[in-house]
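All of the numbers you see were taken from the coordinates with simple rules; none came from a lab. All values derive from a computational prediction rather than experimental measurement. Because the Cβ atoms are built from the backbone with ideal geometry, glycine has one as well, and the counts that use them run over all protein chains shown.
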Amino acid sequence: MNLIAPSLLAANFANLEREMEWFNQSEADWLHLDVMDGVFVPNISFGFPVLEHVARMTEKPLDVHLMIVEPQKFISQVHDLGAAIMNVHQEACLHLHRTVQQIHEAGMKAAVTLNPATPISTLEDIIQDLDVVMLMTVNPGFGAQKFIEHSLDKVRRLREMITRTGAHALIEVDGGVNRTTAPLLAKAGVDVYVAGSALYGKPDPIAEVKALKGLIEN
């Protein structure tokens, strides 16, 4: 599976309607929404009032990535947005299995994210319950960072774990995805590519989505 998920964090919020227009017209598959609280990560992005507005502007699946402490408190609000995927950080969930169960009970796919320094072994006992595992390929909290090269090996090891355990989780990556890194990530076993600065702000973002699709499908 080769899915492109543009990250709204990189959008021009002074012209959000135009940004959503090209997204809807493009071959992009999911819309990735980064919610930051300034506590779990050193930045603050946007909250649910903005997300509610964005959700009304597209029928494509919403991939809501909560980079916040105690994300389990917001399961009902994420569900009410109509989100298809709720993404929480392993590092932010004291009772991860319970949170994953609650996300499923709310009717959403459960995704768990690992920061660059968090080993994939932390998911060994829950991997079969997950729909998506997202690996941060930059440190979370800011856009336009340089891709962390050893993430490729981490993707390969996660792919091996999924195959070995018979799990069905998709592998998603977030950070530094562009025309150079996308083909390398595809060879390592990635399914879903979150892209921000590689798409937003470009003269023709629709063409950029198409180009990325071509690179990961070859």
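Take the alpha-carbon centre of segment 118-139, take the same for segment 1-15, and report the distance between them in whole Å.
22
Spelling out what I want: for every residue of segment 67-84, take phi, set θ = phi - 60°, compute 6.51 cos²θ - 1.76 cosθ + 1.60 (Karplus), and round to whole Hz; glycine and proline get x.
Residue by residue, segment 67-84 yields 8, 9, 7, 6, x, 4, 6, 10, 4, 5, 5, 5, 4, 5, 5, x, 5, 8 Hz.
Taking K and R as +1 and D and E as -1, what net charge do the other residues with C-beta under 13 Å from the C-beta of ASN178 add up to?
+1
Starting from the amide H of VAL192, placed 1.01 Å from N in the peptide plane, find each other amide H under 5 Å away whose residue is 5 or more places distant or on another chain.
For VAL192, whose amide H was placed from the backbone, the distant partners under 5 Å are LEU3, ILE171, GLU172, VAL173.
Using a 10 Å cut-off around each Cβ, can you sort ILE85, ILE120 from fewest to most neighbouring Cβ atoms?
The order, fewest Cβ neighbours first, is ILE120, ILE85.
Ranking MET1, MET136, MET86 by Cβ neighbours within 10 Å, fewest first, what do you get?
Final ranking by Cβ density, sparse to dense: MET1, MET136, MET86.
May I ask you to evaluate 6.51 cos²θ - 1.76 cosθ + 1.60, the Karplus curve with θ = phi - 60°, for each residue of segment 39-50 and list the ³J(HN,Hα) values in order in whole Hz, giving x for glycine and proline?
Whole-Hz 3J(HN,Hα) from phi for segment 39-50: 10, 5, 10, x, 7, 10, 10, 9, x, 5, x, 5.
Work out the charge dipole of the chain with +1 on the Cβ of Lys and Arg and -1 on the Cβ of Asp and Glu about the Cα centre, then indicate which of ASN115, TRP30, PRO183 is farthest towards its positive end.
PRO183
Just tell me which lysines come within less than 20 Å, Cα to Cα, of LYS187; anything on the same chain fewer than 8 places away is out.
Hits, sequence-local ones excluded: LYS146, LYS154, LYS210, LYS213.
When only C-alpha pairs under 8 Å and at least 6 residues apart count, what is the relative contact order of segment 33-72, in percent?
56
Output the antiparallel fraction of DSSP beta bridges having both residues in the chain, as a percent to the nearest 5. All intermediate terms of the calculation are to be shown ahead of the outcome.
Details: 1 of 33 bridges.
Antiparallel bridges: around 5 percent, rounded to the nearest 5.
Cβ neighbours within 10 Å, averaged per peptide: list 48-56, 188-196 in order, most packed at the top.
In decreasing order of mean packing, 48-56, 188-196 become 188-196, 48-56.
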